[in-house]
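Since the structure comes first, as structure tokens, the remarks are kept for the end.
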Amino acid sequence: IAYAPNGKVLAFGSGKTIHLHAADTGKEIRKIDNPNATAGLAFAADSEVLAAKGRDGFIRLFETNTGKSLPELGVAIAAPNANVGFFAFNTAESRDFAFAHDGKVLAAGSGQTLRFWTVATGKEQPLAGGHRGAVSAVVVTPDGKTMLSRGTDNTIRRWDAVTGKELGQFTEPKGTTGVLFAPDGKTAALANSDGTIRLHAVADGKELHNLKGHQNGTAALAFSPDSKTL
């Protein structure tokens, strides 16, 4: 399921069909036939393009206003048991892909690296190297210039969203069970098996705060839109 950033359209996948509904009334706008069962959905920032990841690993693009199919992006390399969510963890829905804010580039976790495609042509940019374990989460910073990824190698990496070049990385503390990036892209909240929640600066990995969390561990995290409250 995904909401368009303009707040006007709600998209959800059901089998091989993607349904678009008006977010305010619930009225169906159109149905889009997807060649494969939908595993994840994401809108571009202008709400005009919808990306649908199928269970076959392909990411397919559709025009929101017409349902027209756009260039298909190459198949990702499936990674077993790598189903960590895009905004939360411990969920079966795959959200390991995201648009850059200008809508021109889409990045997806694939096997042990982060792959980038040019949306207009479907052409893949050169691989940039990356994680030594499956990529489990991807998010773009609000300025559209940087993408953040988390891998099952317990490493968080920063990437140039335009060139795909890796900008930096840091290793998660031992015992990390889940990660959530703040909407401003500056902070990562890391849930730990010892019951703490650690806030780290994404730019250099420095620990900012060590919060006393739930006694039995944390199952889900959510930031407020201004990134000031967790």
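The values are calculated or read from the model by the stated rules, or taken from the named source; none is laboratory data. In this text the structure is predicted, and so the values were computed from the model without any measurement. No Cβ is skipped: glycine too gets one built from the backbone with ideal geometry, and neighbour counts run over all protein chains shown. To get the accessible areas, we keep the full protein, side chains included, count just its heavy atoms, and leave off ligands, DNA and RNA. Shrake-Rupley method; radii C 1.70, N 1.55, O 1.52, S 1.80 Å.
Using only Cα atoms, figure out Rg for region 1-80 and give it as a multiple of 2.2 N^0.38 Å.
Details: Rg = 12.1 Å, N = 80, 2.2 N^0.38 = 11.6 Å.
Cα-based Rg divided by the globular estimate yields 1.04.
List the pairs from LYS123/LYS186; LYS145/LYS174; LYS8/LYS31; LYS186/LYS206 whose alpha-carbon separation is above 20 Å, in the order I gave them. In this structure, LYS123/LYS186; LYS145/LYS174 lie more than 20 Å apart at Cα.
For region 173-228, with all protein chains present and a 1.4 Å probe, just round the carbon and sulfur fraction of the accessible area to a whole percent. Let's see the in-between values first.
Numbers: 1600 of 3140 Å².
Accessible surface attributable to carbon and sulfur in region 173-228 totals 51 percent.
The protection proxy used here, the mean number of other Cβ atoms lying within 10 Å of each residue, ranks peptides 98-106, 165-173 as follows, highest first: 98-106, 165-173. With coordinates expressed along the principal axes, the C-alpha atoms belonging to region 159-230 extend over 43, 27, 19 Å, beginning with the largest.
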